[in-house]
Amino acid sequence: MNLPGVDAMIKKEMIALLLAGGQGSRLGVLTKNVAKPAVLYGGKYRIIDFSLSNCINSGIDTVGVLTQYQPLKLNSHIGIGKPWDMDRIDGGVTILSPYLKAESGEWFKGTANAVYQNIHYIDKYSPEYVIILSGDHIYKMDYSKMLDFHKDNNSDATISVINVPFEEASRYGIMNCHENGNIYEFQEKPKNPKSTLASMGVYIFNWAVLREYLIKDSDSPESENDFGKNIIPEMLKDGKSMWAYQFSGYWRDVGTIQAFWESNMDLVSRVPQFNLYDSEWKIYTPNPVKSAHYIGPSACIKKSMVAEGCVVNGTVINSILFPGAIVEEGAVIEDSLIMSNSKVGRNAVIKKSIISEWVTVGANSKLGEGEDIKNEYKPNIYNSGMTVVGENAEIPEGAIIGKNVMIDIGACAEDFTSLIVESGKSVFKGGVAE
Amino acid sequence: MKNVMGIILSGGRNTKLKELSTMRSSPAVPVGGKYRAIDFVLSNMVNSGITNVGVITQYSFRSLMDHLGSGKEWDLDRKNDGLFIFPPFLSDESSGWYRGTADSMYNNLTFLKRSNEEYVIISQGNCIYTTTFDDMLKTHKENDADITIAYREMSDVPIEELSNMGILQVDSNQRVIDFQEKPMHPNTLYGSLGTYMIRRELLISLLEESVAHGYYDFVLDIIIKMLPKLRVYGYKFNGYWRSISSVQMYYKCNMELLKLEVSQELLNSAKIYTKVKDEAPTKFNEEAEVKNSIVADGCIIEGTVENSVLFRGVTVKKGAIVKDSIIMQGSVVEENSTLSYAILDKNVILSKGRCLKGEENWPIIIGKNVMV
């Protein structure tokens, strides 16, 4: 007999909740109008594609995507889940946005609160297990193997961990565990880490246990309602069975401009550590309706990736061109990302830059030249030598733009007070910073 | 164009395509790096606002059915109307084999009768062109025509190809005064595109009458016979158009796509929809030397590629040289091998150090799944 309320639903063993509400503020202008999971990556993907594809490749066909910050692009990207084969009668992908309730209504206060507010969504499928994912990371992982590990250890909560260099360990949540993987201590961004096993933000919980802790957590006024800061420590304190599942493949948190660029560049090396050409573990994304790309008689392309719909007549070295990018004759692109539908005019030279979607780079302009001076406006974001151009910006013909320069979304010729923008300067839409 | 339905004839056997059509019908032949020939006419119909399309198939239609699926990629998986595929079938009245183009439509008369559009556009599945049919419909109405035939001046097509076409003559009002089907000696350069506009009810009655008399071909038995009785008009099409009718035409068409003006008109003036597979963008390694070529997603290139069309998932290894060739999905050109004026069908492996060379007017073809 069916339980009331779940009669019409197929019971799912494990469903996924994908946290995709983060802004990713350290990506600067790249995340001004979109959430971090919706940022373009690797020539045709958005960051969230990796977690979503991992789900379907691991046999998880029911995924709730929690959105909050700037969800428009994310919503239209995911749609009804067709590219991931998640347009299902039972389950599939569901976008869960913050909503108003009868008595109250609020934003998701923390990661745990976001899941708490959607308890009814999870209950609908009465799963044994829930996997909590973040839409911010680049990796390929078989969650079904992690679930096997979880079951074998009779675990209440299993946390996927990866070995990080000791000097970076203090940036992560660190799991200290016995040799067999049993966790005895959790340190959030510790000054003196006891181990180098960092949490990847991938958790499998027994739903019944997590449910109880979510409710308890939401009743506690001093809680930050965060998995890492509250739920995990609380469960540890109560002596729940908690295990670390060690992952050893490629995993990157592309949270900074430098990390984002480096991870993209990893893809163009001869035998990339991260292989997108693996037919056993495909990464899915909506395919644009574009023709195959065309490489002209005067083109030269080396150590690069080029997506469909591109037209290349210039030189492209160690770079990635996203769908519909156009590189005119004489233009030179090195160590850069040119995102969808952007156009690089004749004889323009672009070095170490990230050019967002629908940007026009005027003929004879130069980007990424000069001294490596930190950005004056946001030195903590633009400090790795990369110049970043926001979407829909227009770079005037003949402009000379230095390093660590930020060009605002939609900035046009009138916003350039001079054709020379020195390293570390910024160009704002309307001339002033918000 | 809410008031028009489409029929795509994808039927006849084509031996002039040699190995390319042993396993597939000509509309399913891969073209331009990521398309199949039928994508063009299907996209033309969709871009004209036609949402009710029947595809009539006969020979080796497995790959075509596989490609079309539910019509999703053309936005034709509709609740009402959408895409319908009609292979031959056995019943009390039909023989399980279409005896001609008129017979193939007659066998699917239910589709025509059940539809409620006023006009039908009948077209061929193996022609490469980009257009919409709005203007043709307008002309059809203005001329108060019974049948309008799209035609084109074929001066850019080798003369021997004209003998594979319908050749027509029009008077100063564009009325068709003569129509020769596949003539030995064509009397004009005006070739029919095999695209006809006709009122649905007239089509139904013409088909019923013709088949009742034991005549089964739409061109020979309806158009040519009815020329004196019906108002048959021509509609001149001036754009790029190729029929994938022979290996030479197939090769020519693909190579012409490397010209910017052709690819602009054909691929970028409107959206051409096709079934896509999820491939990563193409990767060029350090040794890659690629010039004047079309390359689809999922390729890995380490060699030299010039004046060629590469379909998805092709690998060109170090030291390999590919010139003036067409390489279909999943094929591999191993190290230090050379290819020129060649067509490699799907999943061909050209082993290390091999050399294959055809001629421009006689490209060499390597059939599917072959290891050379």
Has the stretch B:44-52 got any residue that is in a strand (DSSP E or B) and more than 18 Å from B:S263 (Cα to Cα)? yes
Flagged in the stretch A:227-248 as in contact (Cβ under 8 Å) with a residue 60 or more places away in the chain, open to solvent by less than 60 Å² (accessible area, probe 1.4 Å) and closer than 22 Å to A:Y172 by Cβ, in numbering order, are A:F227, A:G228, A:N230, A:I231, A:I232, A:M235, A:M242, A:W243, A:A244, A:Y245, A:F247
Filter the stretch B:339-372 for residues that are part of a loop (DSSP other than H, G, I, E, B) and of a type in the set (D, E); which is farthest from B:I327 (Cα to Cα)? B:E360
Which of the residues belonging to the stretch A:118-137 are surrounded by fewer than 22 Cβ atoms within 10 Å (Cβ to Cβ) and either in contact with an Asp or Glu (Cβ under 6 Å, 6 or more places away or on another chain) or without any contact (Cβ under 8 Å) to a residue 60 or more places away in the chain (or both)? A:H120, A:Y121, A:E128
Conditions (1) part of a strand (DSSP E or B); (2) within 14 Å of chain B (Cβ to nearest Cβ) -> A:I354 fails only (2)
For the stretch B:255-263, check the following and say yes or no: at least one residue is in a helix (DSSP H, G or I), without any contact (Cβ under 8 Å) to a residue 24 or more places away in the chain and in contact with a strand residue (DSSP E or B) (Cβ under 9 Å, 6 or more places away or on another chain). yes
Could you go through the stretch B:80-100 and let me know if any residue there is over 30 Å from B:L17 (Cα atoms), hydrophobic (A, V, I, L, M, F, W, C) and surrounded by fewer than 23 Cβ atoms within 10 Å (Cβ to Cβ). no
Could you list all residues from the stretch B:305-331 that are under 17 Å from B:I364 (Cβ atoms) and among the hydroxyl-bearing types (S, T, Y)? B:S308, B:S325, B:S331
From B:L137, B:L227, B:L168, residue being open to solvent by 20 Å² or more (accessible area, probe 1.4 Å) and over 29 Å from B:S60 (Cβ atoms): B:L227
Condition check: acidic (D, E), within 20 Å of B:N307 (Cα to Cα) and open to solvent by less than 30 Å² (accessible area, probe 1.4 Å). Does A:E308 satisfy that? yes
If we keep just the residues of the stretch B:252-269 that are of a type in the set (A, V, I, L, M) and more than 10 Å from every other protein chain (Cβ to nearest Cβ), which is farthest from B:L76 (Cα to Cα)? B:M255
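Each row is one residue, and each column tells you yes or no for (1) part of a loop (DSSP other than H, G, I, E, B); (2) touching a Ser or Thr at 6+ places or on another chain (Cβ under 8 Å); (3) open to solvent by 20 Å² or more (accessible area, probe 1.4 Å).
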{"site": "A:R346", "(1), (2), (3)": "yes, no, yes"}
{"site": "A:W358", "(1), (2), (3)": "yes, yes, yes"}
{"site": "A:G370", "(1), (2), (3)": "yes, yes, yes"}
{"site": "A:N375", "(1), (2), (3)": "yes, yes, no"}
{"site": "A:N404", "(1), (2), (3)": "yes, yes, no"}
Considering only the stretch A:84-93, I want to know if a residue exists there that is assigned to a helix (DSSP H, G or I) and under 27 Å from A:K282 (Cβ atoms). yes
Of the residues in the stretch B:289-299, those that are of a type outside the set (K, R), open to solvent by 10 Å² or more (accessible area, probe 1.4 Å) and part of a strand (DSSP E or B) number 1
Can you tell which of A:V289, A:V306 is touching a Ser or Thr at 6+ places or on another chain (Cβ under 9 Å), within 7 Å of chain B (Cβ to nearest Cβ) and closer than 25 Å to A:K351 by Cβ? A:V306
Mind checking whether some residue in the stretch B:61-73 is part of a loop (DSSP other than H, G, I, E, B) and touching a Ser or Thr at 6+ places or on another chain (Cβ under 8 Å)? yes
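Each row is one residue, and each column tells you yes or no for (1) acidic (D, E); (2) within 18 Å of the chain's Cα centre (by Cα); (3) at the interface with chain B (Cβ under 9 Å from one of its Cβ atoms).
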{"site": "A:D253", "(1), (2), (3)": "yes, yes, no"}
{"site": "A:Q258", "(1), (2), (3)": "no, yes, no"}
{"site": "A:V268", "(1), (2), (3)": "no, no, yes"}
{"site": "A:W281", "(1), (2), (3)": "no, no, no"}
{"site": "A:K302", "(1), (2), (3)": "no, no, yes"}
{"site": "A:I320", "(1), (2), (3)": "no, yes, yes"}
Go through (1) under 26 Å from the mean Cα position of the chain (by Cα); (2) facing chain A (nearest Cβ under 9 Å); (3) under 20 Å from A:L267 (Cβ atoms) and name the single condition B:C299 misses. (2)
Selection within the stretch B:258-271 - within 18 Å of the chain's Cα centre (by Cα) and either at pLDDT 95 or above or of a type in the set (D, E, K, R) (or both): B:E265, B:K271
Among the residues of the stretch A:214-226, are any modelled with pLDDT of 95 or more, assigned to a helix (DSSP H, G or I), more than 29 Å from A:G79 (Cα to Cα) and open to solvent by less than 40 Å² (accessible area, probe 1.4 Å)? no
Considering every residue within the stretch A:95-106, establish whether at least one is within 14 Å of chain B (Cβ to nearest Cβ) and either in a loop (DSSP other than H, G, I, E, B) or more than 15 Å from A:L133 (Cα to Cα) (or both). no
Go through the stretch A:41-62 and report how many residues are of a type in the set (D, E) and open to solvent by 10 Å² or more (accessible area, probe 1.4 Å). 1
Does the stretch A:249-258 contain at least one residue that is assigned to a helix (DSSP H, G or I), open to solvent by 30 Å² or more (accessible area, probe 1.4 Å) and farther than 29 Å from A:E168 by Cβ? no
Does the stretch A:276-292 hold any residues that are within 21 Å of B:K318 (Cα to Cα) and open to solvent by less than 20 Å² (accessible area, probe 1.4 Å), and which are they? A:L276
Among the listed residues A:D49, A:D61, identify the single one that is in contact with a Gly (Cβ under 6 Å, 6 or more places away or on another chain) and either acidic (D, E) or without any contact (Cβ under 8 Å) to a residue 24 or more places away in the chain (or both). A:D61
Some residue of the stretch B:272-282 being within 14 Å of chain A (Cβ to nearest Cβ), part of a strand (DSSP E or B) and open to solvent by 10 Å² or more (accessible area, probe 1.4 Å): no
It is to be established whether one or more residues within the stretch B:349-365 are of a type in the set (S, T, N, Q) and closer than 27 Å to A:G314 by Cβ. no
Failed item, numbered, when B:E286 is tested on (1) assigned to a strand (DSSP E or B); (2) within 11 Å of another protein chain (Cβ to nearest Cβ); (3) over 25 Å from the mean Cα position of the chain (by Cα): (1)
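The values are calculated or read from the model by the stated rules, or taken from the named source; none is laboratory data. Just so it is clear, the structure is predicted and the values come from calculations on it, not from any experiment. Quick reminder, even Gly has a Cβ in these numbers, built from the backbone with ideal geometry, and neighbours come from all protein chains shown. When the accessible area is computed, the model is the full protein with side chains, heavy atoms only, and any ligands, DNA or RNA have been set aside. Shrake-Rupley method; radii C 1.70, N 1.55, O 1.52, S 1.80 Å.
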